[in-house]
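Each remark here refers to the structure printed beneath this line.
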Amino acid sequence: VSSPFAHLLEDFLADAGSTLERILEDAEALVSPSGTVDGDVLLRIRRDIHTLKGNASMMDLDAVVAVAHAMEDLCVRIESGDTGLVGRIVEGCDQIVSMLGRLRDSGGAKPEPTRPISNRPRVDESVRVDFLALERLGNLAAEATMLARSVAGAMRGRDTQLEEDLSSLSTALRVLRDRLAEMRLVPIGRLFRRFEPYVREAARVRDADVRLSTSGSDTLIDKTLIDRLHEPLLHLVRNAIAHGVETPSERVAAGKPAHATIALGARISQGRALVTVSDDGRGLQTAAIRARARLLGVDVEGLGGPDVLRLVFLPGLSTAASVSEIAGRGVGLDAVRAALTSAGGDIDVRSAEGFGTTFELSLPVAAAVVRGILVEVNGETLVAPFDGLETARPFEPGSVKRIDGIDVVPEGAGLLPVIDGGSLLGDADARGTGRRMCVVLQAGQRRRGLLVDRVLEPGEFVLRRLDLRLQVSRSFGGVVVLGNGRVALVVDPHAAMGAVPS
Amino acid sequence: VTLVRLVRFRAGDLALALGVEQVREVVRVRDLARVPGAPPAIVGLMSFRGSVLGIVDAGLRLGGRSCDRTSSGARVLALDHPAESFGVLCEEVAGCDWIDASKLANPPVQLVERHGSCVRSVFTDTAAQWLVLDAARLVEASP
């Protein structure tokens, strides 16, 4: 940068980062589902772009100025109702983010202009569709698929031509159902991207050297999850920067690279979106967590390492007052967990002192396809999700033992803690003494056996959310409609494990 | 004369009615899945046009006896917005008729005390005194 203000480059980059983050956030809220432009939001965006352009001009960054200028033109057209151009605003932000990234990496060398952003919608420009309408269509398609399959079954062997036609109809409807479900999915990278400027700015303020890495950005998840994940992720990233990672000198002294890394990752497993926030910082100090928990009156005797770490989610444990005691694993992790559980999700933590911490967030994917196995418990059909690694096995009914209040069955040379399927249904006398099959549930690193009467068949099912007014037990993450029209509850392994002693 | 159209039905010895605008469709009772954790009046889950309905036993909900869902007249009234995730289980649908709105009276205090705030009004004919229900309250205040 040849500007007389070159010494302000770091300040400019930090400012621009938070401005771009704000524009991206505002762009999401700019147009309502019904297609109306929010005038206040648009005004804010225009002001931010204008400031950005002015600062970039001061820094002699013509390429950034050009993109910002094009974005201002887009705002004028959006104001006059061309709402299809909002995506181009986001594209402009992306271009500036990558220009500024190159600028930082090159130590101030001016970025080359990139291709100009178009002020015309792409030919394949998307259409805004009310999300609820999409959801209803998806449900109807699922119902039609099921009915067609049922009619095809009834006609089997009666009329070959009709049977073939019905089979084609079933296939077409299934494709329709799947396409509708896909329309709800967006890459989680959209959410991850919003943390890039934040991490740069927060690290600068704290004089830390923190890099953000992402993986699984192309993981497609339901759009509703983006909204549900933003706050909890922001909280965890903020905590990691503020308290999780060491200063560069501390890191070098500990034999680590001077720059710390915060990694965001995503994948789908067992019909749930699993999102991880990891840092390679100082890790959680279990001794300090134990001490703090004792002060709060928690019985920590006999708790194993992973269970001690999970104490950080207790209300009052990870408060600001305890920051120094527990390696500063931040404010209100109980609030993060509460936000996730209210959305049917959960959070788990792994940590090694000196090596870092990983939080794993999981959420049921609305209207996602869940892979599972149908089981029968007390006459009720349930879906036990599985990821294909482990399924069901028989066991001797008399082999269930209770050790320290936990039911277990032998597994190889060890013991597998088990949950009785009846207890999930709220049935009394649920010790599972009469059950003959055990299905292994997995939630993060935790495994539990689910004791059931019969194992029916594996399959893929469309997961439906239930109305909260039904107050269904948290042990179930949703329902599926089976081929025969019956409804089956889907066991949520995370919540089901939380319902019994660990 | 202002007319209102009501779906009349019987559940657990009670004569009940819902405004026709609150009912999407009347369907036969299918197999119900259990709803662990739900209030006692929610007796199961049933699939309906691609969605899943929580089934409220109108008899139990209003403090009476439960409906016999195996009776030949048993039906589910699939409710409309804002209660579209619910269906009301009854033992018989008595009819769907236009009623002179002036014949609807406020529910007597003792009826409100007995059945709660989900009774919106009452009307009486030669057959019975019909309690006209508010669908949203029926599902929201479900004890």
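The values are calculated or read from the model by the stated rules, or taken from the named source; none is laboratory data. None of the values given here were measured: they were computed from a predicted structure. Quick reminder, even Gly has a Cβ in these numbers, built from the backbone with ideal geometry, and neighbours come from all protein chains shown.
May I ask you to verify whether A:R158 is without any contact (Cβ under 8 Å) to a residue 24 or more places away in the chain, part of a helix (DSSP H, G or I) and surrounded by fewer than 16 Cβ atoms within 10 Å (Cβ to Cβ)? No; evaluated as a whole, the condition is false for this residue. For A:G189, the conditions (1) surrounded by fewer than 21 Cβ atoms within 10 Å (Cβ to Cβ); (2) modelled with pLDDT under 80 all hold with the exception of (2).
Touching a residue at least 12 places away in the same chain (Cβ under 8 Å), of a type in the set (A, V, I, L, M, F, W, C) and within 14 Å of chain A (Cβ to nearest Cβ): does that describe B:A41? When the stated conditions are applied, B:A41 passes them.
Answer yes or no as to whether A:S473 is outside any strand (DSSP E or B), modelled with pLDDT of 85 or more and under 25 Å from the mean Cα position of the chain (by Cα). It is true that A:S473 is outside any strand (DSSP E or B), modelled with pLDDT of 85 or more and under 25 Å from the mean Cα position of the chain (by Cα).
Of all the residues in region B:77-119, those that are within 29 Å of A:Q471 (Cα to Cα), touching a strand residue (DSSP E or B) at 6+ places or on another chain (Cβ under 6 Å) and touching a residue at least 60 places away in the same chain (Cβ under 8 Å) number 9. Only one of the listed residues (A:D218, A:D130) is in contact with a helix residue (DSSP H, G or I) (Cβ under 9 Å, 6 or more places away or on another chain), farther than 28 Å from A:E10 by Cα and among the acidic types (D, E). That residue is A:D218. Where residues in region A:186-221 are assigned to a strand (DSSP E or B) and more than 19 Å from A:S362 (Cα to Cα), which of them is farthest from the chain's Cα centre (by Cα)? Out of the qualifying residues, it is A:V210.
Is there a residue being assigned to a strand (DSSP E or B), surrounded by fewer than 23 Cβ atoms within 10 Å (Cβ to Cβ) and within 14 Å of another protein chain (Cβ to nearest Cβ) anywhere in region B:15-22?
No: region B:15-22 contains no residue that is assigned to a strand (DSSP E or B), surrounded by fewer than 23 Cβ atoms within 10 Å (Cβ to Cβ) and within 14 Å of another protein chain (Cβ to nearest Cβ).
Taken residue by residue, region B:53-75 has no member that is among the hydrophobic types (A, V, I, L, M, F, W, C), more than 14 Å from chain A (Cβ to nearest Cβ), touching a strand residue (DSSP E or B) at 6+ places or on another chain (Cβ under 9 Å) and in a strand (DSSP E or B). Restricting A:R174, A:R122 to those that are at pLDDT below 80 and not in a helix (DSSP H, G or I) reduces the list to A:R122.
Kindly evaluate B:G12 against the criterion of being closer than 28 Å to A:N378 by Cα and more than 14 Å from chain A (Cβ to nearest Cβ).
Criteria met by B:G12.
Can A:D334 be described as modelled with pLDDT of 75 or more and within 16 Å of A:T276 (Cα to Cα)? Taking the combined requirement at face value, the residue does not satisfy it. Each residue in region A:233-272 was checked for being part of a helix (DSSP H, G or I), crowded, with 17+ Cβ neighbours inside 10 Å, over 17 Å from the mean Cα position of the chain (by Cα) and of a type in the set (V, I, T), and 1 of them qualify. Restricting attention to region A:453-473, the residues that are more than 10 Å from chain B (Cβ to nearest Cβ) and either of a type in the set (F, W, Y) or under 30 Å from A:V349 (Cβ atoms) (or both) add up to 2. Looking for something more than 14 Å from chain A (Cβ to nearest Cβ) and of a type in the set (S, T, Y) - is there at least one such residue anywhere in region B:88-109? Looking for residues that are more than 14 Å from chain A (Cβ to nearest Cβ) and of a type in the set (S, T, Y), one finds at least one in region B:88-109, hence yes.
Taking region B:91-121 only, how many residues are among the hydrophobic types (A, V, I, L, M, F, W, C) and touching a helix residue (DSSP H, G or I) at 6+ places or on another chain (Cβ under 7 Å)?
Residues flagged as among the hydrophobic types (A, V, I, L, M, F, W, C) and touching a helix residue (DSSP H, G or I) at 6+ places or on another chain (Cβ under 7 Å) within region B:91-121 amount to 3.
The residue that is farthest from the other protein chains (Cβ to nearest Cβ), among those in region B:113-143 that are more than 13 Å from B:L6 (Cβ to Cβ) and of a type in the set (K, R), is B:R114.
Here region B:23-37 is the region considered, the condition is being free of Cβ contacts under 8 Å to residues at least 60 places away in the same chain and not in a strand (DSSP E or B), and the residue that is farthest from the other protein chains (Cβ to nearest Cβ) is B:L32.
Comparison of A:E196, A:E182, A:E135, A:E201 shows that the only residue that is loosely packed, with under 15 Cβ neighbours inside 10 Å and not hydroxyl-bearing (S, T, Y) is A:E182. The one condition from (1) of a type in the set (G, A, S); (2) assigned to a helix (DSSP H, G or I); (3) touching a strand residue (DSSP E or B) at 6+ places or on another chain (Cβ under 6 Å) that A:S278 does not meet is (2).
Residue check: B:A78 meets all listed conditions (1) surrounded by fewer than 22 Cβ atoms within 10 Å (Cβ to Cβ); (2) within 14 Å of chain A (Cβ to nearest Cβ); (3) more than 13 Å from A:V487 (Cβ to Cβ) but one, namely (1). Within region A:394-430, being more than 27 Å from B:A33 (Cα to Cα) and exposed (fewer than 13 other Cβ atoms within 10 Å of the Cβ) holds for A:E396, A:G398, A:S399, A:K401, A:R402, A:I403, A:D404, A:G405, A:G412, A:A413, A:G414.
Scanning region A:281-291 for residues that are surrounded by 24 or more Cβ atoms within 10 Å (Cβ to Cβ) and touching a residue at least 40 places away in the same chain (Cβ under 8 Å) yields A:G281, A:R282, A:L284. If you go through region A:38-87 and pick out every residue that is surrounded by 17 or more Cβ atoms within 10 Å (Cβ to Cβ) and outside any helix (DSSP H, G or I), you end up with 2.
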